[in-house]
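The values are calculated or read from the model by the stated rules, or taken from the named source; none is laboratory data. Fair warning: this is a prediction, and the values are worked out from it, not measured in the lab. When we count neighbours, we look across all protein chains shown, and the Cβ atoms used for this are built from the backbone with ideal geometry, even at glycine. Calculation scope for accessible area: heavy atoms of the full protein, side chains included, ligands and nucleic acids excluded. Shrake-Rupley method; radii C 1.70, N 1.55, O 1.52, S 1.80 Å.
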Amino acid sequence: MRATAVRRTALAASAAALALLATACSGSSDADGKDGKDEKGAASGSSSAPKAPKAPAKALTAAELEKATLAQGDVEGTRITKTGPADEVAADGVKVDKEACLPVAHAMYGVAQKGAVATTKRKVIDEPKAGGKKSLEDVAKGEGADAFKDAFNLTSTSIALHSYEGTAGPDAFAALKKAAADCAGGFTATVAGTPTKVVSMTEEKVTGGDEAVAWTVTTEDEGATAPVKLVALRKESSVATFFAFNLAAAGGGDVKFELPTAVVAAQDKKLA
């Protein structure tokens with residue numbers, strides 16, 4: 001495949017997914033260093049079913065939620081940053097062509113549902129692997145698909161962690177699952193005048209917290225498709241959503257783009 005074709009396909013296929021992540025592109029570095037261990041086991045396997053119901057848990061305060069949020073060093077091989085006010089999307093700023101799909105669109109953009117009392121947000125980006133990175137100049141010179149894959153095979157995950165009062169957390173999680181099932185055949189979400197067309201949602205296997213669920217969301221722009229990953233995890237009254245994107249996978253190559261299980265497991269551990 002010619003290098004120009006590789007670049008054109010990747011850019012077209014990723015345009016819609018990049019729009020979804022644009023709200024979390026900037027942020028300040030989170031300086032809280034941890035031991036850097038890579039947590040994986042708790043976030044892989046079959047989709048987790050809800051555990052036996054208990055009395056509504058007390059909502060975490062803003063300070064408690066901040067302490068339970070990922071910080072630099074919590075996930076090995078990544079850079080973790082805080083998002084800022086400029087990255088926020090208001091609930092009324094997200095429009096959908098099918099009202100039933102609104103909880104999914106909100107999860108993609110990190111918007112809290114009714115009953116939320118506190119929210120924290122992070123951006124987690126893979127660090128380039130030593131010796132495995134090709135420069136953008138290599139791609140521009142026409143080294144083709146392999147150069148593109150090496151340069152952009154990095155996953156970026158936007159995380160929104162919300163604390164809810166009473167049963168609002170379990171209710172928000174249940175509403176998201178129902179919306180994903182109802183909207184598996186696709187919908188269109190629009191933010192700031194930019195539409196993103198979702199053509200399908202396919203459930204994937206994940207575990208963690210009191211319950212967890214994940215999907216591969218396929219977006220389309222000008223006939224080119226791009227996969228993104230959406231994960232939701234609930235622990236008592238708190239709900240975390242993870243929206244992940246890999247630019248090389250959007251290029252249509254043979255890149256293996258999986259759920260951000262290490263990120264999910266690390267967040268699950270901090271909520272435990």
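Key figures for this structure:
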| quantity | calculated |
| --- | --- |
| Matching residues in the stretch 58-68 - criterion: being touching a Lys or Arg at 6+ places or on another chain (Cβ under 9 Å) and either more than 26 Å from ASP210 (Cα to Cα) or open to solvent by less than 80 Å² (accessible area, probe 1.4 Å) (or both) | LEU60, ALA68 |
| The stretch 146-177, residues that are at pLDDT 95 or above, charged (D, E, K, R) and over 18 Å from ALA91 (Cβ atoms) | LYS177 |
| Every pair of residues 6+ apart whose Cβ atoms lie under 7 Å, when the first sits in the stretch 198-226 and is free of Cβ contacts under 8 Å to residues at least 24 places away in the same chain and of a type outside the set (Lys, Arg) while the second is assigned to a loop (DSSP other than H, G, I, E, B) and open to solvent by 30 Å² or more (accessible area, probe 1.4 Å) | SER200/ALA184; SER200/GLY185 |
| Among residues of the stretch 222-269, those that are at pLDDT 95 or above, on the phi < 0 side of the Ramachandran plot, open to solvent by 10 Å² or more (accessible area, probe 1.4 Å) and over 16 Å from the mean Cα position of the chain (by Cα), counted | 2 |
| Leading residue by the ranking (least open to solvent (accessible area, probe 1.4 Å)) among those in the stretch 102-122 that are within 14 Å of the chain's Cα centre (by Cα) and of a type in the set (D, E, K, R) | ARG122 |
| In the stretch 69-88, the residues that are hydrophobic (A, V, I, L, M, F, W, C) and either surrounded by fewer than 19 Cβ atoms within 10 Å (Cβ to Cβ) or out of contact with any helix residue (DSSP H, G or I) (no Cβ under 7 Å at 6 or more places or on another chain) (or both) | ALA71, ILE80, ALA86 |
| Pair list, Cβ under 6 Å, 6 or more apart: the stretch 145-160 residue polar (S, T, N, Q), other residue at pLDDT 70 or above and assigned to a helix (DSSP H, G or I) | ASN153/ALA248; THR157/VAL263 |
